[in-house]
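A.B. asks: I'd like to ask some things about the structure below.
Read-outs: derived from the displayed coordinates by stated rules, not from any lab. Treat the numbers as computed from the prediction; the structure is a model and nothing was measured. For neighbour counting, all protein chains shown are included, and Cβ atoms are generated from backbone atoms with ideal geometry for every residue, glycine included.
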Ligand SMILES: Cc1ncc(COP(=O)(O)O)c(C=O)c1O
Ligand SMILES: [Zn+2]
C-alpha cells in the first residue's frame, strides 16, 4: 500500500495526483504532500524509529518516499543536539540546546531536503537535478547528484561567497552564475521549469523536497527524550523549512510520539539587511509580506521575496513565537560568541539565529528554565570571509622562533 | 503594445497562448485588457480589493513590480510582463 495519497493545495484544498508540480492551478497556492495517516498511525512507533538508521531515514515512514524506493544518501541528519551551558549561562538560559546541523555531509541542513528530493526524483525517472540557490542548496544538490550519478544544473547569484562556489564546483555540476540576486535566479528558474525536463528541487518538486526539513524537528524531539522544547529559533529565508517544522510538531503529537500536546513557540530569525518577513510581522498586516532588495552578509538566507513568508508569520503568531531580526554587527558578534562559548563555528545564517536568540534573551523573553532550541543550519567555513575582514584572527601574535621573542610578545 | 508572458497553469485561459499582446498604459489597465481578451485573468491575478494576489509575482521586463509602483507601473510598446507563480525557491 502506498502511503502517499497525492498533493493538496494549502489555500483552497484542491487535490492533485502525485506529480512534479508545486502550485495550485486554481489559486496559485502551494501544494503539500498528503499521507495516508490512518494506515501510518498503525505502524509508526518510537521503537520502530529508534531501530532505524542513524540518519533522516529513520523517519522514512513520515517522508514522501515509498518503502520500496532506494534512497540517495550520504548519511545526512541525526546531527548532534548539544546542551549549551556556557552560552546558556551568558544568556540566562539553563536549558538551552543547539541543533548543530552544520555537521551534515555538505555542512548545512539542505542535505536533509535534497536527500529526500533526489530520492523521489530518481524514482520518478528524472535524469537531471536542478535548483535555484543561495549556495547551500546548490552544494547539496551537486553532491547528491554526483552520488546518484545524475546530471545536475545549479543556478546561483554571480557574486556568491567564493568558499561556497569552490565547494559546489568540486562536484562538477553545470554551474550557472546568474547576474542578479537570488530572487532573480529564482524567477528565472521558475520560468525555465516549464521548458526543461528537470527536477528543480525547490520549484517543481518542492512539495517533496520541503518534507525533508521535518526531520530536524523529529530529531530534536527524539534527542530530548521524545519531548518537544518550549521554543525553537529557526532562520527564515523563504520560510519553507519553518512551515515544515510546524507540520513536524503536529505529526509528533498526532502520532503520539511525544509526551503531551503542547506546541513549542516557533520563532523566526532574519537579518535586518533582508527582513521582509520580520517587517510584515512588526506591521499591522503580518500576512502582507512585501519584497525587499537584500543587502546582508547572511547570503544563505538573503531571499527578498519569500514564498512562505505569510505562513511563517501566521505560525509564529499561532504558536506564541515571534519573528525578530538582527544587524550585520550582531550577526558577526553572535558567530564569535557561539564559537567562543560552545566551540561551534557557524556561518552567517547561524549568526542570525544565535543573534536573535541573544537579542530575545537580553530583552527578557525567558524566565530561564524554559527549554529553548536554536537550529544552527550551516558551517562557518562557508562564509569565513566575513570574519577575516573583521579582524577574524582573534588574539593572534607573531613571534620569532625564540624563547625571548615568545616572552616578549605573549603575556602569561 | 506590451506583451504578457503566461505561465503554464494559466495557459488554459489563454487558449494555450504563451505570449499575449494587449493595450494599456499601466499594468492595471493591461490586466483589464488581458481579461477582456481572455476572461478569467483578472480573478486569477487580483484579489477582491483589486491588489495583486499574494501568490502571484508579476515582473515588468524582469523587475518585480512590487519593488516598483505595483499596478500603476507604466507600460509601453515592447515591454514584457511576466506572470510567475510565487510559491518557489528557498
Ligand atoms: C544555512 C541556511 N539556513 C537557513 C536557510 C533557510 O531556509 P528556508 O528557505 O527554508 O527558510 C537556508 C536557505 O538556504 C540556509 O542555507
Ligand atoms: Zn488552490
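A.B. asks: Please work out how much length the chain gains when fully extended from residue B:12 to residue B:25, using 0.36 nm per residue of separation minus the C-alpha to C-alpha distance, in nm with one decimal. Spell out each step's value before the answer.
C.D. replies: On the way: separation 13, 0.36 × 13 = 4.68 nm, distance 2.58 nm.
Full extension from residue B:12 to residue B:25 adds 2.1 nm.
A.B. asks: Please find, in a Gaussian network model of chain A (springs between Cα atoms separated by less than 10 Å), the residue of A:25, A:222, A:211 whose mean-square fluctuation is greatest.
C.D. replies: A:25
A.B. asks: If each of residue A:15 and residue A:123 carries a label point 7 Å out from its Cα toward its Cβ, how far apart are those two points in nm?
C.D. replies: Once both label points are built, they end up 2.0 nm from each other.
A.B. asks: Please give the average number of partner chain Cβ atoms lying within 10 Å of the Cβ of each residue in A:257-263, rounded to a whole number.
C.D. replies: Working: counts 0, 0, 0, 0, 0, 0, 0.
Counting other chains' Cβ atoms within 10 Å and averaging over A:257-263 gives 0.
A.B. asks: Would any residue of segment A:234-266 have its amide N under 15 Å from a label point 7 Å out along Cα→Cβ of residue A:38? List them or say none.
C.D. replies: No residue qualifies, since no backbone N sits under 15 Å from the label point.
A.B. asks: In whole Å, how far is the Cα centre of segment B:5-34 from that of segment A:221-283?
C.D. replies: Here the answer is 39 Å between Cα centres.
A.B. asks: With each run of n ≥ 4 DSSP H residues scored as -39500 (n - 2.57), what mean residue ellipticity at 222 nm is computed for the protein assembly as shown after dividing by its residue count and rounding to the nearest 500 deg cm²/dmol? Let's see the in-between values first.
C.D. replies: Details: 18 runs with 171 residues, N = 502.
After summing the helix terms and dividing by the residues of the protein assembly as shown, the value is -10000 deg cm²/dmol.
A.B. asks: If you average the C-alpha positions of segment A:57-108 and of segment A:323-348 separately, how far apart do those two centres end up, in angstrom?
C.D. replies: 19
A.B. asks: Next up: Within segment A:337-355, find all residues whose amide N lies under 13 Å from a label point positioned 7 Å from the Cα of residue A:329 along Cα-to-beta-carbon.
C.D. replies: none
A.B. asks: Quick one: length gained pulling residue A:94 to residue A:287 fully straight, 0.36 nm per residue minus the C-alpha distance?
C.D. replies: 66.1 nm
A.B. asks: Sticking with this one: What is the mean number of Cβ atoms from other protein chains located within 10 Å of the Cβ atom of each residue in peptide A:25-31, rounded to a whole number?
C.D. replies: 6
A.B. asks: Please work out the Cα center distance from segment A:129-175 to segment B:57-86, rounded to the nearest Å.
C.D. replies: Taking the Cα centre of each part, segment A:129-175 and segment B:57-86 sit 30 Å apart.
A.B. asks: While we're on this one: In whole percent, what relative contact order does chain B give with Cα contacts below 8 Å and a gap of six or more residues?
C.D. replies: The value is 37 percent.
A.B. asks: Exposure proxy check: A:108, A:55, A:123 ranked by fewest other beta carbons within 10 Å?
C.D. replies: Numbers: A:108 28, A:55 23, A:123 15.
Neighbour counts put them in this order, fewest first: A:123, A:55, A:108.
A.B. asks: Here's something else I'd like to know. Pop a pseudo-label 7 angstrom from the Cα along the beta-carbon direction at both residue A:226 and residue A:261 and give the gap in nm to one decimal.
C.D. replies: Each label point lies 7 Å from its Cα, and together they span 1.8 nm.
A.B. asks: Evaluate peptide B:77-88: per residue, the Cβ atoms of other protein chains within 10 Å of its Cβ; return the mean as an integer. Walk me through the numbers on the way to the answer.
C.D. replies: Numbers: counts 0, 0, 0, 0, 0, 3, 1, 8, 12, 14, 17, 18.
For this peptide, the per-residue mean of nearby foreign Cβ atoms is 6.
A.B. asks: Among A:9, A:201, what is the fewest-to-most ranking by other Cβ atoms within 10 Å?
C.D. replies: Fewest-to-most Cβ neighbours within 10 Å comes out as A:9, A:201.
A.B. asks: As a footprinting exposure proxy, order A:382, A:164 by other Cβ within 10 Å, with the fewest listed first.
C.D. replies: In increasing order of surrounding Cβ atoms, one gets A:164, A:382.
A.B. asks: What percent antiparallel are the DSSP beta bridges of the protein assembly as shown, to the nearest 5?
C.D. replies: 45
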